[in-house]
Amino acid sequence: MNTKDLDYFMSLVELRKYTRVAATFSVSQPAVTQAVKRLEREFEVELVTQDRAHQQTHITRAGQLLYKNAQKINKQLQLAHVEINDAKQERIKFGLPPIIGMLYFPQVAGKLLKSGILQQTDVVETGSGHLISALKKRRN
């Protein structure tokens with residue numbers, strides 16, 4: 001499955017016009033149509049119906065289910081890009097609240113030092129609320 005096909009399909013669900021989707025992605029309208037047809041072949045179900053008399057695009061129940069799952073797939077792909085990009089970095093960012101930093105971190109610091117990981121680690125000591133907020137910003 002081509003993830004670009006899913007992007008076109010999700011945009012079609014939102015915009016309801018093949019020509020608008022094509023313009024959004026700077027592709028031809030037949031390219032969008034073919035993407036939807038490929039998805040329909042893959043899932044062996046009709047995802048979109050056209051009411052030509054009223055010039056309306058209807059998304060079938062299967063199409064709505066695919067849209068919901070495609071949103072999840074896209075979020076997972078974005079997360080994978082972030083994690084893989086982070087893995088390329090030579091430094092490890094390690095955040096911990098002050099109480100944990102004082103009470104527990106010294107117990108593991110020696111092991112991290114022996115393994116060579118501590119030298120690659122940037123420790124950030126701040127409140128747990130701030131750490132959670134920073135994580136959420138990084139992942140969204």
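With runs of 4+ DSSP H residues as the only contributors, calculate the mean residue ellipticity of the chain at 222 nm using -39,500 (n - 2.57) per run, divided by the residue total and rounded to the nearest 500.
Values: 7 runs with 93 residues, N = 140.
So the helix-based figure for the chain works out to -21000 deg cm²/dmol.
The count of lysine pairs in the range 18-140 whose Cα atoms are under 22 Å apart, excluding pairs fewer than 8 places apart on the same chain, comes to 14.
Calculate the FRET efficiency for D51 and N2 from the Cβ-Cβ distance with a Förster distance of 25 Å, rounded to the nearest 0.05.
In this case the efficiency is close to 0.35.
Highest average first, the peptides 61-71, 46-56 ordered by how many other beta carbon atoms sit within 10 Å of their residues are 61-71, 46-56.
When ligands, DNA and RNA are left out and all protein chains stay put, how many square angstrom of accessible area per residue does the chain have with a 1.4 Å probe? It would help to have the intermediate numbers written out before the result.
Numbers: 10010 Å² over 140 residues.
On a per-residue basis, 72 Å².
A 1.4 Å probe, protein heavy atoms only, puts the accessible area of L118 near 50 Å².
A dipole drawn for the chain from +1 and -1 charges on Cβ atoms has a positive end, and of V45, I59, S115 the residue lying farthest that way is S115. Between the listed residues Y104, I92, T19, the Cα displaced farthest toward the positive end of the dipole of the chain, a dipole computed from Cβ unit charges relative to the Cα centre, is found at Y104.
What does the accessible area of E125 come to, in Å² to the nearest 10, when a probe of 1.4 Å is used? Using a 1.4 Å probe on the heavy atoms, I get roughly 110 Å².
Summary of packing: across the peptides 19-25, 85-91, 100-106, the per-residue average of other C-beta atoms within 10 Å ranks them, highest first, as 19-25, 100-106, 85-91. In plain terms, the chain from L118 to Y104 could stretch by 3.6 nm, reckoned as 0.36 nm per residue minus the Cα-Cα distance.
Charges were assigned to the Cβ only: +1 to each Lys and Arg, -1 to each Asp and Glu. The resulting dipole of the range 1-127 about its Cα centre is roughly 120 debye. Between E83 and K111, the simple spin-label model (points 7 angstrom out along Cα→Cβ) gives 2.2 nm.
Once the Cα-Cα distance is subtracted from the 0.36 nm per residue extended length, the A134 to R91 segment shows a gain of 13.8 nm.
The values are calculated or read from the model by the stated rules, or taken from the named source; none is laboratory data. Computed from a prediction, not measured in an experiment: that's the story for all the values here. With ideal geometry, Cβ positions are generated from the backbone for all residues, glycine too; neighbour counts draw on all protein chains shown. Areas reflect the complete protein model, heavy atoms only, side chains present, ligands, DNA and RNA absent. Shrake-Rupley method; radii C 1.70, N 1.55, O 1.52, S 1.80 Å.
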